[in-house]
Every structure is written in C-alpha cells, then in structure tokens.
Amino acid sequence: MAEAKPFVIREMDRSHVPQVLEIERACYPAPWSESAFNHEMTSESSVDLVAMAGETVAGFLVGWIAADQVHVANIAVTAGHRRRGVGTEMMMRLIGEAVRRGCTSSSLEVRESNLAARSMYSRLGYHAVALRKSYYSNPAEDAVIMVKDLEA
Ligand SMILES: CC(C)(COP(=O)(O)OP(=O)(O)OC[C@H]1O[C@@H](n2cnc3c(N)ncnc32)[C@H](O)[C@@H]1OP(=O)(O)O)[C@@H](O)C(=O)NCCC(=O)NCCS
C-alpha cells in the first residue's frame, strides 16, 4: 500500500490566514497584509491554496487567472517543510485548476538570485524568457520572467 502523504492541499480560508501571514512575513521583506489575503479569497479569479500538515499550514500559494493565462502571484513554504514536494504539489494543483478553467499558459516573476524557486519552476517546465530590470526592492534586484505552455 502506498504511504500516505504527510500534507494535503486545500483551498485557503480565513482560518488559515494567521499562519499564512507568519510564513509570508518570514519569507518576504515587503509582505502582503492580512487584508490582501482576505481580499484574494473573495476574488473569483484568484486560486488560493494551503498545504496542511495536520493543523499546521506548511505552505501557501496564490494564483491569478486572467483570460487564458495563470500568473503565480505568491508562493511560500515554511523552512521546516521545504524540499518535501510541498511547493511542487501546490504548483501542480494550481496548474490543474488553471487548465480546467481554460488557461493555455502560465507566467511568474522570481528574483534572479532565488535559485531554489527557479530550480523548482524549471522542473515544472517553466523557462526564462526575459529579465525585468530592478523589479524588486529591499534589496534591489532584477526579476526573471518565466513562462510555461499549458497546452498538451
Ligand atoms: C521556493 C519554495 C516555494 C520551494 O518549496 P519546496 O516545497 O521546498 O519545493 P519542492 O520540495 O517542491 O522542491 C522541488 C524542487 O525544486 C528544487 N529546489 C527546491 N528548493 C531548493 C533549494 N533550496 N536548492 C536547490 N534546489 C531546490 C529542487 O530541484 C527540488 O527537488 P528535489 O528536492 O527533489 O531536489 C521554498 O523554497 C520557499 O518557500 N522559499 C521562500 C519563498 C520563495 O522564494 N518563494 C518563491 C518566490 S518566486
């Protein structure tokens, strides 16, 4: 019998937000606010996921669907749950939902120095298409724009 996964992917709801904010604040110098996450959950075009390890939020993802494109707006996994496939599984869930809703391509931005994230995205089939100069601040850095074709 296959071993049970130590985490499950669920839709984000308001009860997850305190833990999501903790992860967000630990990962990013300019974190999204509580109202930003609450607003996402009211938007039809937003796909908001959490990876739950029991009662603990191990990671979260926010994706934006616009016409036939899905954009990865925010993703993070707690330090203690990294390298266990949590990020990949949330991305695959987003892509599955986006394809179901008719999306044919996906895009995202990532800090040039963020080799962990870039490596995960490459393994998921994203490739770099452009650099957006000085896109990030604190510290200032270029963004790598990555895209993935979702058509079969
Ligand atoms: C990027 C991030 C979401 C990855 O989450 P994760 O759950 O650890 O990712 P996965 O376990 O699914 O990793 C998938 C693959 O990505 C690559 N990868 C992930 N982390 C890596 C690291 N630290 N170094 C090198 N490769 C890495 C590996 O190829 C990995 O496969 P492997 O573990 O079999 O070698 C996580 O590191 C994170 O939250 N970082 C801080 C926030 C962030 O940078 N978000 C992305 C902003 S664009």
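The values are calculated or read from the model by the stated rules, or taken from the named source; none is laboratory data. Please read all numbers here as calculations on a predicted model, not as lab measurements. Please note: Cβ atoms are built from the backbone with ideal geometry, for glycine as well, and neighbour counts cover all protein chains shown.
Taken over the range 111-124, the residue count meeting the criterion of being surrounded by 14 or more Cβ atoms within 10 Å (Cβ to Cβ) and either more than 15 Å from the chain's Cα centre (by Cα) or part of a strand (DSSP E or B) (or both) is 2.
Here's the yes/no breakdown for (1) touching an Asp or Glu at 6+ places or on another chain (Cβ under 6 Å); (2) at pLDDT below 95; (3) not in a strand (DSSP E or B):
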residue	(1), (2), (3)
SER15	no, no, yes
ARG25	no, no, yes
PRO29	no, yes, yes
VAL47	yes, no, no
ALA51	no, no, no
VAL72	no, no, no
ARG83	no, no, yes
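Condition check for MET41 on (1) out of contact with any Ser or Thr (no Cβ under 9 Å at 6 or more places or on another chain); (2) more than 12 Å from the ligand (Cβ to nearest atom); (3) more than 19 Å from ASP149 (Cα to Cα); (4) touching a residue at least 40 places away in the same chain (Cβ under 8 Å): one failure, at (4). For the range 24-78, filtering for residues that are touching a Lys or Arg at 6+ places or on another chain (Cβ under 8 Å) and over 21 Å from GLU89 (Cβ atoms) leaves 2.
VAL99 passes all but one of (1) exposed (fewer than 15 other Cβ atoms within 10 Å of the Cβ); (2) out of contact with any strand residue (DSSP E or B) (no Cβ under 7 Å at 6 or more places or on another chain); which number fails? With respect to (1) exposed (fewer than 15 other Cβ atoms within 10 Å of the Cβ); (2) out of contact with any strand residue (DSSP E or B) (no Cβ under 7 Å at 6 or more places or on another chain), VAL99 is out only on (1).
Take the conditions under 14 Å from GLY63 (Cα atoms), among the charged types (D, E, K, R) and more than 8 Å from the ligand (Cβ to nearest atom) and apply them to GLU97. Does it pass? Lay out the reasoning, then the answer.
Numbers: under 14 Å from GLY63 (Cα atoms): yes; among the charged types (D, E, K, R): yes; more than 8 Å from the ligand (Cβ to nearest atom): yes.
In short, yes.
Within the range 46-70, take every residue that is among the small types (Gly, Ala, Ser) and surrounded by 23 or more Cβ atoms within 10 Å (Cβ to Cβ) and give me the one that is nearest to the ligand (Cβ to nearest atom).
Initially, the range 46-70 is screened for residues among the small types (Gly, Ala, Ser), giving 46, 51, 53-54, 58-59, 63, 66-67.
Pick out the ones that are also surrounded by 23 or more Cβ atoms within 10 Å (Cβ to Cβ) and you get 51, 58-59, 63.
Numbers: ALA51: 8, ALA58: 8, GLY59: 6, GLY63: 12 Å.
It comes out as GLY59.
Quick check on the range 71-93. Is at least one of its residues farther than 25 Å from GLU22 by Cβ and either away from the ligand (no atom under 12 Å from the Cβ) or of a type in the set (Asp, Glu) (or both)?
Keep residues of the range 71-93 that are farther than 25 Å from GLU22 by Cβ, which gives none.
No: the range 71-93 contains no residue that is farther than 25 Å from GLU22 by Cβ and either away from the ligand (no atom under 12 Å from the Cβ) or of a type in the set (Asp, Glu) (or both).
Select from the range 125-137 the residues that are in a strand (DSSP E or B) and over 14 Å from ARG111 (Cβ atoms) and list them in ascending order. Step through it out loud before you land on a result.
Residues of the range 125-137 that are in a strand (DSSP E or B), as a first pass: 127-136.
If the condition is that a residue be in a strand (DSSP E or B) and over 14 Å from ARG111 (Cβ atoms), then HIS127, VAL129, ALA130 are the ones that fit.
The criterion of being touching a helix residue (DSSP H, G or I) at 6+ places or on another chain (Cβ under 8 Å), polar (S, T, N, Q) and closer than 21 Å to ARG132 by Cβ does not hold for SER46. Every listed requirement among (1) outside any loop (DSSP other than H, G, I, E, B); (2) of a type in the set (Asp, Glu); (3) out of contact with any Asp or Glu (no Cβ under 7 Å at 6 or more places or on another chain) is met by ASP142 save one, (3). Do any residues in the range 131-150 that are in contact (Cβ under 8 Å) with a residue 60 or more places away in the chain have Cβ atoms under 8 Å from those of residues that are outside any strand (DSSP E or B) and crowded, with 17+ Cβ neighbours inside 10 Å, where the two are at least six apart or on different chains, and which pairs are they? Sorted first by the residue in the range 131-150, then by its partner, the pairs are LEU150/ILE95; LEU150/ALA98; LEU150/CYS103.
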